[in-house]
Amino acid sequence: MTLDKKYAFLFLVGVPYLAGLIPETKVGPLTIHGERLFMLIFAALFFLKLINKRFVIKISKVTIWLLAFNLYSFLNRVVQDTLKLPEVIEYSLPILFLLYIDNLEFEKKDHQAFTKMLTIVAIGTFIASAIQLFIDPFFYSGGTPEAIEHIKHYKVADGIYRNNSLYRGIGANEGAIAMGYLSVYFLFLNFHEYKKKYLILTGILFFSVFVIFAKYCWLMFLIGLFYFLFFKYPKSRITLFILGFCLLFVIYFIVGDMLVQSSVYQNRVAADTYVGRTESTGIFFERFFMRKPIFGFGVSSWEFPEYLKLYYIGIHVGHFDILFKGGTIGIILLFGFLYQIYRKGSIIKRKTGNPIFHVFVINYIIINATAVFIPISYYGYHFMLFYLVLYYKIYIVQDEKPD
């Protein structure tokens, strides 16, 4: 295995286990934290590869569309506002990461290596979640007072916090997105044939997904499970629907009262968190959209003083915040990027039957309908895009080559 490929696999384990333990460092106006350090190493290695290959590189349509979206967002910000160095880095690093992965060559044993790396992550995720729930809620938090206070902010019930597992030191939402996609990844390793170890890994990840107490993370797993069953058992869809209905009936009439009265339900399910989504969106369409429908305002609603005077937070729906920031052009470019992933996933599904990359796109769209996780700067997005490139090159490109 080449050095550049070794680093790509090291990244899969390094970010969850180490990134939260690396202290933040200021380099001029730029803050270097653990995850950003891993991504900067990708950037440095890519430029070395670029020089070594005499500036002849491969670039996928997925990368081209993300480049178009980020470049447009960058220029729109420059024209309508001011741009700071950290934002330049945020726009650049996902592109360099994808270019790096685009220019790696993979073989079938690399899929096994990829799974082994994520198995290490899955086991660590489960252990850390269990410790945070049953022993020490501040375990693996990075240890800073700021991190401890941030955890306390997400208290679910007496003695129970949102358990962000290995990702607590790099961010609560990093954990939810990562665990959601990890659970989907190991679930779909059983798509063609059930394997005991992958069922066990899916089970322990379901535990971590549940105890993070993030509704969109629960939804990610449920959407993955629906797709898994729907496409794995096409002749049994009516039966599955009936069984699902019976399960909901049992939950509602037998354990419904107990669940409704629990602190977890009251604080994480029944809480009126939807109000922030509807009210913030309503203000956008009533007061702002028609003022700049094509190009938007160049900046997020979360940074726009005029908007924040009307509401205490920015738009709490990612797609509408992009519409605020980049207008119709911005949202078209974003969905062009997602379409390229869906299109490549469709080719994979036709060839192998596996719809996992459709789940990737649908989950991305749904979680950004409830929150603002648009930037491709989350670990969960990174390893799923890595998996897309690896899977496509192994099972589509190489299988089509003549012997």
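The values are calculated or read from the model by the stated rules, or taken from the named source; none is laboratory data. Since the model is a prediction, treat every value here as computed from it, not as a measurement. Methodologically, a virtual Cβ is constructed for each residue, glycine included, from the backbone with ideal geometry; neighbour enumeration extends over all protein chains shown. Just the protein is used for accessible areas: all its heavy atoms, side chains included, with ligands, DNA and RNA removed. Shrake-Rupley method; radii C 1.70, N 1.55, O 1.52, S 1.80 Å.
Summary of values
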quantity: Selection from region 116-156 of residues that are touching a Ser or Thr at 6+ places or on another chain (Cβ under 9 Å) and at pLDDT below 75; calculated: Ala147, Ile148, His150, Ile151, Val156
quantity: Region 289-324: number of residues that are over 15 Å from Asn76 (Cβ atoms), in a helix (DSSP H, G or I) and in contact (Cβ under 8 Å) with a residue 24 or more places away in the chain; calculated: 6
quantity: Residues (more than 17 Å from the chain's Cα centre (by Cα) and open to solvent by 40 Å² or more (accessible area, probe 1.4 Å)) located in region 348-378; calculated: Lys349, Arg350, Lys351
quantity: Among the candidates Ile64, Ile51, Ile95, Ile41, residue that is under 21 Å from Gly171 (Cα atoms) and outside any loop (DSSP other than H, G, I, E, B); calculated: Ile41
quantity: Test result for Phe38, open to solvent by 50 Å² or more (accessible area, probe 1.4 Å), under 21 Å from the mean Cα position of the chain (by Cα) and within 26 Å of Asn163 (Cα to Cα); calculated: no
quantity: Tyr311 buried (at least 20 other Cβ atoms within 10 Å of the Cβ) and of a type outside the set (Asp, Glu); calculated: no
quantity: Any hit, region 67-88, residues being closer than 24 Å to Ile347 by Cα, open to solvent by 40 Å² or more (accessible area, probe 1.4 Å) and in a loop (DSSP other than H, G, I, E, B); calculated: no
quantity: Meets criteria (closer than 29 Å to Glu193 by Cα, part of a helix (DSSP H, G or I) and aromatic (Phe, Trp, Tyr)) for Phe335; calculated: no
quantity: Search result, residues across region 318-347 that are among the β-branched types (Val, Ile, Thr), over 21 Å from His382 (Cβ atoms) and open to solvent by less than 10 Å² (accessible area, probe 1.4 Å); calculated: none
quantity: Checking Ile59 against (1) assigned to a helix (DSSP H, G or I); (2) open to solvent by 60 Å² or more (accessible area, probe 1.4 Å), the condition it does not meet; calculated: (1)
quantity: Selected residue (criterion: modelled with the lowest pLDDT) from residues of region 163-198 that are closer than 17 Å to Phe383 by Cα and not in a helix (DSSP H, G or I); calculated: Gly171
quantity: Criterion: assigned to a helix (DSSP H, G or I), modelled with pLDDT of 95 or more and surrounded by 13 or more Cβ atoms within 10 Å (Cβ to Cβ) - qualifying residue of Leu229, Leu225, Leu219, Leu201; calculated: Leu201
